[in-house]
1. Carbon and sulfur atoms: what percent of the 1.4 Å accessible area of the stretch 69-168 do they account for?
2. For a quick check: with amide H placed at 1.01 Å from N, whose amide H comes under 5 Å from residue 11's, ignoring anything fewer than 5 positions away on the same chain?
3. Where only protein heavy atoms count, and the probe is 1.4 Å, what is the accessible area per residue for the stretch 1-91 in Å²?
4. Ignoring ligands, DNA and RNA, what accessible area per residue does the stretch 103-148 give at 1.4 Å, in Å²?
5. Tell me what the chain gives for mean residue ellipticity at 222 nm when only DSSP H runs of n ≥ 4 count, each as -39,500 (n - 2.57), the sum divided by the residue total, rounded to 500 deg cm²/dmol.
6. If you take every DSSP beta bridge fully contained in the chain, what fraction is antiparallel? Give it as a percent rounded to 5.
7. Looking at the stretch 159-195, which trypsin sites (Lys or Arg not before Pro) are in a loop (DSSP not H, G, I, E or B) and have at most 15 other Cβ atoms within 10 Å?
8. Residue separation times 0.36 nm, minus the C-alpha to C-alpha distance between residue 249 and residue 167: what's the value?
Amino acid sequence: MSKLISVIMGIYNCEEYLEDALNCIVNQTYTNWEVIMCDDGSNDNTVSIAQKFVDNFPGKFRLLKNEQNMGLNYTLNKCLFEAKGEYIARMDGDDLCSPERFQKEVEILDNNKEFAIVSSNMKFFDENGVWGETHANPTPTKYSFIKSTPFIHAPCMVRKDAYLAVDGYTVDKKLLRVEDYHLWTKMYAKGYKGYNIQECLYQMRDDRNAQGRRSFKSRLNETHAHNIATKMLKLPLYTYITNLTPIAKGLIPGFVYKAIHRSTYK
């Protein structure tokens, strides 16, 4: 019997794109799934669009709500602890994914018990179309954490047991926007490993608005998360110096950073 996938999704002011994102799940070739959405204080029509899917697909979609904006780590934990599936998948409310995404990720977890995490390469797109893609290491080691996150968060699927072993996402303002990197750190510190599918099964919306959300505060959080990883994973001491890279990037003018960011993923 196929394993149940629980898709956990924090949604916030994504009325323009949410329907397309949810239809990507509805159209998956793998059909044994549920979606737990949690609205994080939206002030547009996001909730009404989400509720339409709850009404139209009984038993497949559930909608939770935060009283106020709490951040992604808190919101995803709220979804996680409602999840019934053996596998936990992520999806963002403004992104897209391939119809075969779940099927291919499930096959990796079903056939490779040594892996608790699976993600994939992904494409970046904006209003003008696709402009780049990632090229992840297929089998990250702890040393992969030195450079960047070893797994892209949005396309991931993870064994629920691994999530529960590390108590889910750490709710800390200093880890906002790097909650995924810290999650992988905790899992690798406990001996879990993962695999990146060398195929773009996910498409992330990354436009000028997305660039604007990368605040200097988020850069400080990134350095903080990297310092934690250096300690937890017993990485080389020189890593504390390379961990300052996000702060250096935060000092670069926005138009320059945008150009570097895009050239990196071409």
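1. 50 percent
2. 38, 39, 40
3. Details: 4120 Å² over 91 residues.
Here the residues of the stretch 1-91 average 45 Å² of exposed surface.
4. For the stretch 103-148, the solvent-accessible area averages 50 Å² per residue.
5. So the calculated ellipticity at 222 nm is -10500 deg cm²/dmol.
6. Close to 30 percent.
7. Values: sites: 159, 160, 173, 174, 177, 186, 190, 193; in loops: 177, 190, 193.
Counting only loop positions with at most 15 other Cβ atoms within 10 Å, the trypsin sites (Lys or Arg not before Pro) in the stretch 159-195 are 190.
8. Values: separation 82, 0.36 × 82 = 29.52 nm, distance 3.13 nm.
Using 0.36 nm per residue and subtracting the Cα-Cα distance, I get 26.4 nm.
The values are calculated or read from the model by the stated rules, or taken from the named source; none is laboratory data. For clarity, every value in this text was computed on a predicted model and none was experimentally measured. Because the Cβ atoms are built from the backbone with ideal geometry, glycine has one as well, and the counts that use them run over all protein chains shown. Side chains included, ligands, DNA and RNA excluded: accessible areas come from the protein's heavy atoms. Shrake-Rupley method; radii C 1.70, N 1.55, O 1.52, S 1.80 Å.
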